[in-house]
Each structure stands twice: as structure tokens, then as C-alpha cells.
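The values are calculated or read from the model by the stated rules, or taken from the named source; none is laboratory data. Everything numeric here is computed off the predicted structure, so don't read it as measured data. Here the Cβ positions follow ideal geometry from the backbone for every residue, glycine too, while neighbour counts run over all protein chains shown.
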Amino acid sequence: MQKTLILGGGIGGIVASNVLRKIMRQDMQVTVVDRKPDYHFTGAFPLLMVGERSPESISRPLTRLSRKNIEFICDEIIRLDFENNRVFTAKHILPYDYLVIALGVEYRTEFVPGFDDYALNAYEFEDVIKINRRIQDLNSGRIVLFISSLPFKCPPAPYEMMFMLDAFFRKRGIRNKVELVMATPEPSPEPLAGPKVGQSVRRMLAERNIELITEAKVLAVEKDALILGHGMVIKGDIFIGVAPHWTPRVVRSTMLVDGNGFVKVNPSILETGLSNVYAIGDVTAIKLPVMEAYAPKAGIFAHYQGEVVARNIAYLAKGLTPKFRYAGKGACIMHTGFGRARYSTVHYFAKPKPFITLLRPSRISYLAKIAFEKFWLNCWV
């Protein structure tokens, strides 16, 4: 029996394993490996941050994959042996016929002096829980959310978090006592989405009285201050950071990566330089066809990439020519608070430039995002 080994139990890895199992049924062994035992739905982190979700409601043990006859191994990945089609973990040597690298990125807080001591990571499950506890106790002061460096995954997420924090304190009736400040190295919000999107987000921030500092170079975090370049100091009481992103060492040590440590792939079929090795999600180095920049990384793109790779592997296993292609399309729904959300669609491979549509915040978009969250957690894990 042929074996497909999927490294990473995030969105891309979960979708790839499900699709492959559904197509191949009992004709292929499908195994997912991740060092963490649980999956957390990151799309709900802004809601978790403000107490509109419990940790349990957005978490699932990856052992649930066994209900679909998908093997899950909770173990640390040590080395990738492409020559012999093997993966070494702390406890196992795992052979494969097809390999899917979906290991995502790691958050290197140590790259920012003082981050570990004085800031909480906006993209880390345990830290988001801590943020909720901190804001519940805050009756006045200043919250500073900062983006440490580029690129970072899910570009709308930090802005979504700021809108949810604004709504949280307005509901408590103390918004006039809590200042919200956001610092980003971007020249404008979500610059790859184009100037119209950036201007729209700027207006929304201004309407909510959220201060935005662009082109900010984060140097350090201190007990009561964020230190930026050009001598700028932002005082604060709670610091929430998007830590620098870096691929796992086990990936960086291979010949598959570019100069920044991301895995080079064919952008249409997600194949690496090796014919039986694929990479999907945040770990990939997919460049936009019309500019020298990485395509934005987000769960929705990992989802579609996982489907494409799984279907093509199934075709190869059956002796057929793969025909599925990743189109660089997706949709994003951003919570804006008070039971409303903003829907957008993207086509990053469009020419002469990426194509984005953006709707006004609405109740319908909010309900659609809530429905998608429930569907995803119940259907895929």
C-alpha cells in the first residue's frame, strides 16, 4: 500500500489528509505528524481574545482524525531524508511514497528584545487566553498592538483584533478610558490588497479612534514602552505583538528553501524541486506574478492548496496525470465588532495586478463567518 505522510496538523495538513482519505479510501495509508496534540481554529482568535469564545470551543484533539481512518502521530520531526523517502521523528522512522510539508511558521519572539518578558503573542493560543484575562482586569490605560516584521500571516488579523478590542471596551462603557494604538512596518494597512483597501481600513481605524503608526521599526519591548526606530517610544500598559515569523529548523536545513527559509514550490501544483514532495500553507515561498513579494499567507489559501495537492497525489497514485491547479484565489471575512463583519475576495495571481473586492461591514457577513467556523470544526477535524 502506498503511503502519504503529511507533516503538520494545521489547516493545510488537515484538509489534505481528509481529501486524500476520501478519494483513496482504503487504497492509501494517510498519516499526519505534528508535535502538538491539538488543533486550534486560529480564525476565532480575535473572538477568543475578547471572551466571545472559550478555549475549548475552538480546539479539537488531532486524534479525532482516526475516526476517518487517518493516522495521527504526535511527535517532534527531527530530519527529512529525501534520498531514502523517510522522515525521522524523535520516536519513529516514517517511510513515505508522497510527502506533504505543511509545518507552517514558528514565532521567534527572541528576535525582539523584551518580547518574552513584556508582550503577549497575538498568534499564540495560550497567549491569546492571557490577553483576555488581562483586558478583563483593565479599567483604564493604553493597549499597544505591534507587528514585529514582514511578512506575517493573515494580514487582516491584527486589524480585526483591534476592532474587536474597540468593541469590547465600548460594551464595557470604558472605551473613553482605554487608548488603542497599532504599530506596523507596513506603509499602509494590507498593502498587497491595494490602496483602496488600505484607505478603507485607515478610515475604519480613525472612526473607532484607534491610532495607527505605519512604517514602524520595532526595536524592543520594555515593561511600560514599545521602542521603535527614529527614537520613537510608545508608552503602554498591555503590549500585544505579532512576533517575527520563521520556518522550522527542520525545513530550513534542507535544499528546498529560498534565501528567507521558505520552501520554493511550483505555484500552481505546489510541488517542490522533488517530484514526490509538496509544500503548502505558510511554509511556502509563493511569489506574486506581478511584483517581487510573497503572496499573503492565510488559512484559506492553505485550505485550497491542501485540496489541490491531495487530489493530484491521488491521481499520481492511480497512474493518472495530475490536473488540479491552485489559482491563488480565496475569501476573507474580518470581524469588525458588534455582530458585524467585512467580506472580501482575493485573486492574487490576477494580472496586471491582484484583484480584490471588499464589501461594507454587515450582519450577513458576520453570520457567514460564524457558520464557516462551525462547519470547519465539525467537518474537517
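The table that follows gives values for the structure above.
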| item | result |
| --- | --- |
| Residue match in the stretch 126-133 (condition: of a type in the set (Lys, Arg) and out of contact with any Phe, Trp or Tyr (no Cβ under 8 Å at 6 or more places or on another chain)) | yes |
| Residues that are among the hydroxyl-bearing types (Ser, Thr, Tyr) and in contact with an Asp or Glu (Cβ under 8 Å, 6 or more places away or on another chain), drawn from the stretch 140-160 | Tyr159 |
| Qualifying residue in the stretch 238-255 (condition: over 22 Å from the mean Cα position of the chain (by Cα), closer than 19 Å to Thr109 by Cα and touching a residue at least 12 places away in the same chain (Cβ under 8 Å)) | yes |
| Entirely in the stretch 1-44, the strands (runs of 3 or more DSSP E) that have 1 or more residues that are within 12 Å of Val100 (Cα to Cα) and in contact with a Leu (Cβ under 9 Å, 6 or more places away or on another chain) | 2-7, 28-34 |
| Any hit, the stretch 139-155, residues being free of Cβ contacts under 8 Å to residues at least 60 places away in the same chain and assigned to a helix (DSSP H, G or I) | no |
| Answer from Pro267, Pro322 - the residue that is in contact (Cβ under 8 Å) with a residue 24 or more places away in the chain and farther than 22 Å from Gly10 by Cβ | Pro322 |
| Output for the stretch 141-191, where each listed residue is of a type in the set (Ser, Thr, Tyr), over 20 Å from Trp246 (Cα atoms) and surrounded by fewer than 20 Cβ atoms within 10 Å (Cβ to Cβ) | Ser188 |
| Within the stretch 328-351, tally of residues that are touching a residue at least 60 places away in the same chain (Cβ under 8 Å), out of contact with any Gly (no Cβ under 7 Å at 6 or more places or on another chain) and not hydrophobic (A, V, I, L, M, F, W, C) | 6 |
| Qualifying residue in the stretch 230-246 (condition: within 30 Å of Ala44 (Cβ to Cβ), among the hydrophobic types (A, V, I, L, M, F, W, C), in a helix (DSSP H, G or I) and modelled with pLDDT of 95 or more) | no |
| Of residues in the stretch 3-31 being crowded, with 24+ Cβ neighbours inside 10 Å and among the β-branched types (Val, Ile, Thr), the one farthest from Phe125 (Cα to Cα) | Thr4 |
| Flag if Gly273 is at pLDDT 95 or above and in a loop (DSSP other than H, G, I, E, B) | no |
